[in-house]
Amino acid sequence: MPKTAREVALEVVHRVNKTGSYANLLLPKRLQQSNLDKRDRAFTTELTYGTLRARGTLDWIIKLYSKQPIKKIPDLVLDLLRMSVYQIIFMDVPDYAAVNEAVVISKKYFHPGIAKFVNGLLRNIVRKKDKIPWPKKDKDPAKYISIMHFHPLWMVKMWIDEFGVDETEALCIADNRPPKLTIRVNILKSTPEVLADKLRQEGWLVEPGRYLKEALLIKDVGDITQLPQFKEGYFYVQDESSMLISHVVDPQPGETILDIAAAPGGKTTHMAELMQNKGQIISVDINPNRVNLLKQNIQRMGASIAIAVKADATKLKP
């Protein structure tokens, strides 16, 4: 039986939280495999990314109203609760729909006691959602910004020390705005002008990047990873700010580069292009799944000077 929109979202959210998978790679693949229509795909996308982005805030709300300590709630159940609370508090979804669908999923995947727990907790949150004791900015600005704008408390405190309260809040608000899809043209295989023209011929709206000539902004986004140009390594989906890091490093042809925490391979493959595929890049990551993804992207992008290594960078020896 095909999975519902919420089940697909739950699968992706759980894999990201449990294994460190990349949502931006996993979600399009699962949507492609599903039978969901355009509307349900949009709902699944918003629910998945919203739940992941607001995880800290959702956990804070769950802790307020759950009689069971959050650490004792099974991981998959907790992810279902996070998704449901996100719908209740942050999405234009009827409360009864969020609760009822969560109960349906609970009965399908868990024992009756879990379904009863999920139902009771979510109904409690629905009853009290207008009385949630949100942090006050004047009393605890760091906690307020963290909870209201979905950023880790340690990061908010660090930014407040550096930039002040108002600047930090503005930074968090801007950070939450959905970015435009940006791709990096593989200059070993094409040029920005040639690839942009090709994509436009296929109906894509393409603009030059803001800072780098190899960056292209894509509008009216579909699943761009299904294009043959993606599969053949003519471009890599990467934010322009991430591309800038490779230019700051300024790798030169013939040099040896060590890339730590390298997966999924954006900076590794970019540096290989800037080095004209001359020299060596040793790309290290500790997670075996990420190393496999790193190897796939190295091969797809034709970065022949890069080697993917599974290792703990804190234990590397000279």
Placed amide H near Ile257: partners under 5 Å, 5+ positions off or other chain: Gln280, Ile281, Ile282
Residue order, fewest to most surrounding Cβ atoms within 10 angstrom, among His111, His247: His111, His247
For peptides 73-84, 181-192, sequence by mean Cβ density within 10 Å, most packed first: 73-84, 181-192
Net lengthening on full extension, Ala313/Lys128 (0.36 nm per residue, minus Cα-Cα): 61.9 nm
Gained length - Ala170 relative to Asn24, 0.36 nm times residue gap less alpha-carbon distance: 50.0 nm
Computed over the chain: relative contact order in percent, which uses C-alpha pairs under 8 Å that are six or more apart: 10
Rg to Rh quotient for the stretch 5-131, alpha carbon positions, Kirkwood Rh: 0.94
Extension gain from Val104 to Lys231, taking 0.36 nm per residue of separation minus the Cα-Cα distance: 41.9 nm
Asp250-Glu193 FRET efficiency (beta carbon distance; Förster radius 25 Å; 0.05 resolution): 0.55
Listed candidates (1) 38, 24, 20; (2) 45, 23, 17; (3) 35, 24, 17 - label of the one calculated as semi-axes √(5λ) of the Cα gyration tensor in Å: (1)
Overall form of the stretch 1-78 per C-alpha gyration tensor (a/c, 1.5; a/b vs b/c): prolate
Beta bridges per DSSP with both ends in the chain, % antiparallel, nearest 5: 50
The stretch 181-242: mean projected area of Cα convex hull, nm²: 3.7
Hits among aspartates and glutamates - C-alpha to C-alpha of Lys116 under 20 Å, sequence gap 8 or more where chains match: Glu7, Asp59, Asp75, Asp79, Asp95, Glu101
Principal axis dimensions, largest first and in whole angstrom, of the stretch 250-315 by Cα: 28, 26, 14
Cut-off under 5 Å, modelled amide H: who pairs with Phe235 long-range: Asn186
Theoretical FRET efficiency, 1/(1+(r/R0)^6), r = Cβ-Cβ of Gln32 and Asp161, R0 41 Å, to 0.05: 0.40
Sorted peptide list for 305-314, 127-136, criterion being average Cβ within 10 angstrom, highest first: 305-314, 127-136
Distance in nm between pseudo-label sites at Asp40 and Ile260 (7 Å out along the Cβ direction from Cα): 4.5
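Bear in mind these aren't lab numbers, they're just calculated from the coordinates by the rules spelled out. Keep in mind that what you see is a predicted model, and the values were worked out from it rather than measured. With ideal geometry, Cβ positions are generated from the backbone for all residues, glycine too; neighbour counts draw on all protein chains shown.
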